[in-house]
Amino acid sequence: MPVAARLIADVPAPLPQAAAYLPELLGPPGRRLLAQRGEEALLLQRLDDAFAPVGEPVRVPAPWPRRRGTWAVAPDASLAVFAGVHAVRAVEPSGRTRWEVRHGCWYGACRELHGSYEEYGDRADHRYPEEGSAEFSVDGAFVWAHIRGPLAEAEPDPEAVDEWLLLDAADGRLLARADARAAAAGSFHVPHPSDPGQMGLSIGEGQDGAPLRWGRWDGRELTVRYVDGDLTLVGVSPSGERLLTVTHDQDALAVRDTGGEVLDGLEWEAETAVPRHPGAEPDNDEALPCWDWEGGFLDETTLLGSTVESDEEWGEGRHWLIDTAGERTPVEIAYPLPVGHRPPTALGEGMWVTSSESGEGLYVWGRG
């Protein structure tokens, strides 16, 4: 039997869909933020525990267009970090640049160390660069940044690879660096929920693979676990001891320890764990479900996954809950109203987020 979803909140987007990406919900109770990247700025709206707006939104001017990189926000909304093509830049709500760390260009054929966005912003060959990412630690003290080497203070190296940096959020000071051992097309970070010295990094190399890294900083040394296999990290449990991953080919969802080992047989092959979409032809050998590279933990033992991408040809995308302390069988979620076509994201504390059907806001859900 499907599990019923209960609508907790309908959160409208501050900016129109045509001018911005879909907003994201960030932070735990007491520090909830709605963040939306527009063309010229990042808009931040504080929310109360019922997901209602508190005060006026804060506008952080962006140093380059939204298609050129990624962003992250400090837990207290006092600072935003933009990970761009040539630099990682920290910007305050006033528009002041607090610090900038320049690095190699994310356009693969370029070996220049650019001094500004204006140097390459209008160049046709830099129109579709690869990209890295950055993220704040849970307490906002550190910024973890995945960059294309080398750093600006280093000599240009034609063999430079991607690097993983640990920066002091206050001034951008480099605390540690490690070889990411990757050639990324893109990446994203997943923070440890309570330890600022731990961070997950999920790297996409297009068709070539999906390296997963787990970093630990003890105050003196950064150590990196280079997890075996091509895995996308989609969530970290509230304890920080469990990782939720999806294989690069999207066939398996699994719970692992931070070393990458599957826990207690907690792995689900989409082809056998999830039924075919009811709209698919029974004799169609290509109508097999695949896990999306999204999901997460609703709590320590309850998982959220989806098969939206593989379902879309046959009808509505499906979302699934898995109770790892119970039957361990994916159960489809039944919604009382239509949701958007994007995969859902776990929010924690028994809640998850979908886009609205119009794509102009978010729905927050719990179990009915």
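The values are calculated or read from the model by the stated rules, or taken from the named source; none is laboratory data. Quick caveat: nothing in here was measured; it's all calculated off a predicted structure. Because the Cβ atoms are built from the backbone with ideal geometry, glycine has one as well, and the counts that use them run over all protein chains shown. With ligands, DNA and RNA removed, areas are computed over all heavy atoms of the protein, side chains included. Shrake-Rupley method; radii C 1.70, N 1.55, O 1.52, S 1.80 Å.
Could you grab me the full set of residues in the range 85-123 that are farther than 19 Å from Ala185 by Cα and either in a helix (DSSP H, G or I) or in contact with a helix residue (DSSP H, G or I) (Cβ under 6 Å, 6 or more places away or on another chain) (or both)? If the condition is that a residue be farther than 19 Å from Ala185 by Cα and either in a helix (DSSP H, G or I) or in contact with a helix residue (DSSP H, G or I) (Cβ under 6 Å, 6 or more places away or on another chain) (or both), then Tyr117, Glu118, Glu119 are the ones that fit. Counting the residues of the range 162-186 that are modelled with pLDDT under 95 and open to solvent by 60 Å² or more (accessible area, probe 1.4 Å) gives 4. Can you find even one residue in the range 53-69 that is among the basic types (Lys, Arg), surrounded by fewer than 16 Cβ atoms within 10 Å (Cβ to Cβ) and under 26 Å from Ile203 (Cα atoms)? Yes, the range 53-69 contains at least one residue that is among the basic types (Lys, Arg), surrounded by fewer than 16 Cβ atoms within 10 Å (Cβ to Cβ) and under 26 Å from Ile203 (Cα atoms).
Residues of the range 92-111 include none that is over 23 Å from Ala183 (Cα atoms), open to solvent by less than 60 Å² (accessible area, probe 1.4 Å), within 17 Å of the chain's Cα centre (by Cα) and at pLDDT 95 or above.
Would you confirm whether or not the range 12-35 contains a residue that is surrounded by 13 or more Cβ atoms within 10 Å (Cβ to Cβ), touching a residue at least 24 places away in the same chain (Cβ under 8 Å) and touching a Phe, Trp or Tyr at 6+ places or on another chain (Cβ under 6 Å)? No, the range 12-35 contains no residue that is surrounded by 13 or more Cβ atoms within 10 Å (Cβ to Cβ), touching a residue at least 24 places away in the same chain (Cβ under 8 Å) and touching a Phe, Trp or Tyr at 6+ places or on another chain (Cβ under 6 Å).
Taken together, the residues in the range 38-53 that are closer than 16 Å to Ile8 by Cβ and among the acidic types (Asp, Glu) amount to 2. A single entry from Gly219, Gly265, Gly229 fulfils the requirement of being open to solvent by 10 Å² or more (accessible area, probe 1.4 Å) and part of a strand (DSSP E or B): Gly265.
Residues of the range 235-262 that are closer than 17 Å to Pro191 by Cβ and either among the small types (Gly, Ala, Ser) or in contact with an Asp or Glu (Cβ under 6 Å, 6 or more places away or on another chain) (or both): Gly235, Ser237, Pro238, Ser239, Gly240. As a summary of the residue check, Asp139 satisfies the conditions (1) part of a strand (DSSP E or B); (2) open to solvent by 60 Å² or more (accessible area, probe 1.4 Å); (3) touching a residue at least 60 places away in the same chain (Cβ under 8 Å); (4) not β-branched (Val, Ile, Thr) except for the one numbered (1). Applying the condition of being aliphatic (A, V, I, L, M) and more than 23 Å from the chain's Cα centre (by Cα) to the range 112-135 and asking which residue is surrounded by the most Cβ atoms within 10 Å (Cβ to Cβ) yields Leu113. In a residue-by-residue description of the range 179-192, the property of being touching a helix residue (DSSP H, G or I) at 6+ places or on another chain (Cβ under 6 Å) and in a loop (DSSP other than H, G, I, E, B) applies to at least one position. Confirm whether Trp144 is crowded, with 19+ Cβ neighbours inside 10 Å and assigned to a loop (DSSP other than H, G, I, E, B). Considered against the rule, which asks whether it is crowded, with 19+ Cβ neighbours inside 10 Å and assigned to a loop (DSSP other than H, G, I, E, B), Trp144 comes out as no.
Scanning for something open to solvent by 10 Å² or more (accessible area, probe 1.4 Å), touching a Gly at 6+ places or on another chain (Cβ under 6 Å) and either at pLDDT 95 or above or closer than 16 Å to Gly240 by Cβ (or both), does the range 199-206 turn up at least one residue? Yes: one or more hits. Among the residues examined, Val224 does not qualify as open to solvent by less than 50 Å² (accessible area, probe 1.4 Å), assigned to a strand (DSSP E or B), among the hydrophobic types (A, V, I, L, M, F, W, C) and within 20 Å of Thr70 (Cα to Cα).
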